[in-house]
1. Would you grab the residues whose amide H sits under 5 Å from the one on residue 56? Only those 5+ places off in sequence or on another chain, please, with H modelled 1.01 Å from N.
2. Considering the chain as a Gaussian network with a 10 Å cut-off on Cα pairs, which listed residue, 22, 84, 46, attains the greatest mean-square fluctuation?
3. Please state the Cα pair-distance histogram of the stretch 8-131 with 5 angstrom bins from zero: what percent is in each bin?
4. What is the distance in Å between the Cα centroid of the stretch 77-123 and that of the stretch 35-67?
5. Give me the one-decimal nm value for the distance between modelled label points at residue 61 and residue 119, 7 Å along each residue's Cα-to-Cβ direction.
6. What distance in nm separates the simple spin-label points at residue 10 and residue 35, each placed 7 Å from Cα in the Cβ direction?
7. Cα-Cα over 23 Å: which of 8/76; 8/99; 8/97?
8. Counting each DSSP H run of 4 or more residues in the chain as -39500 (n - 2.57), what helix-only mean residue ellipticity at 222 nm follows after dividing by all residues, to the nearest 500 deg cm²/dmol?
Amino acid sequence: MLTIVEQKDLSGYASLLDSLHAPAGTQLYLTEALEGEHVTGYIVYAYESERVAVYAVDDGDDLYLCDGLVRSVLFKGMLRGLDAAVFYLQDEAMMAKMKKLRFVENDENTLESIVKIMDNCKSCRGNATKA
């Protein structure tokens with residue numbers, strides 16, 4: 001069964017975190033997707049004063065997993081009162097996935113409204129059951 005959990009021990013990801021070039025003093029968080037005890041993907045993010053900042057995503061080439069990882073982090077941001085996101089992804093292919101999933105708007109690296117993207121998700125579910 002797939003579970004998505006925040007990883008508290010980031011020592012296994014030290015080289016990855018160092019390669020992200022986050023501003024000094026940025027508190028990075030990492031959430032893993034697990035199948036049993038096997039890591040199938042992760043997302044690295046931070047909370048800025050007014051938005052969620054996503055630095056890296058590894059989805060094992062699974063678009064649905066990518067969607068779930070990003071939505072889980074955006075939801076956590078909503079719980080902190082944030083309604084915007086920025087994607088500082090160095091991987092162009094992953095940025096293309098963000099555009100495909102409509103997390104990135106207007107060919108920029110930002111999402112103006114987390115609430116709006118979550119509400120659109122509700123619409124998708126309704127449309128899927130009508131098809």
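1. Close amide H contacts, sequence-distant or interchain: 44.
2. 22
3. Taking all Cα pairs of the stretch 8-131, the binned fractions are 2, 10, 21, 23, 22, 13, 6, 2, 1, 0 percent.
4. The stretch 77-123 and the stretch 35-67 have Cα centres spaced 12 Å from each other.
5. Here the answer is 3.8 nm between the modelled labels.
6. Distance between the two pseudo-spin positions: 2.8 nm.
7. Values: 8/76 15 Å; 8/99 29 Å; 8/97 27 Å.
Going by Cα-Cα distance, 8/99; 8/97 fall outside the 23 Å limit.
8. The helix-only estimate for the chain comes to -11500 deg cm²/dmol at 222 nm.
No value in this document is a laboratory result; all are computed from the given coordinates. The shown structure was predicted, so the numbers you read here are calculated from the model rather than taken from an experiment. Don't worry about glycine lacking a Cβ; one is built from the backbone with ideal geometry, like all the others, and counts go over all protein chains shown.
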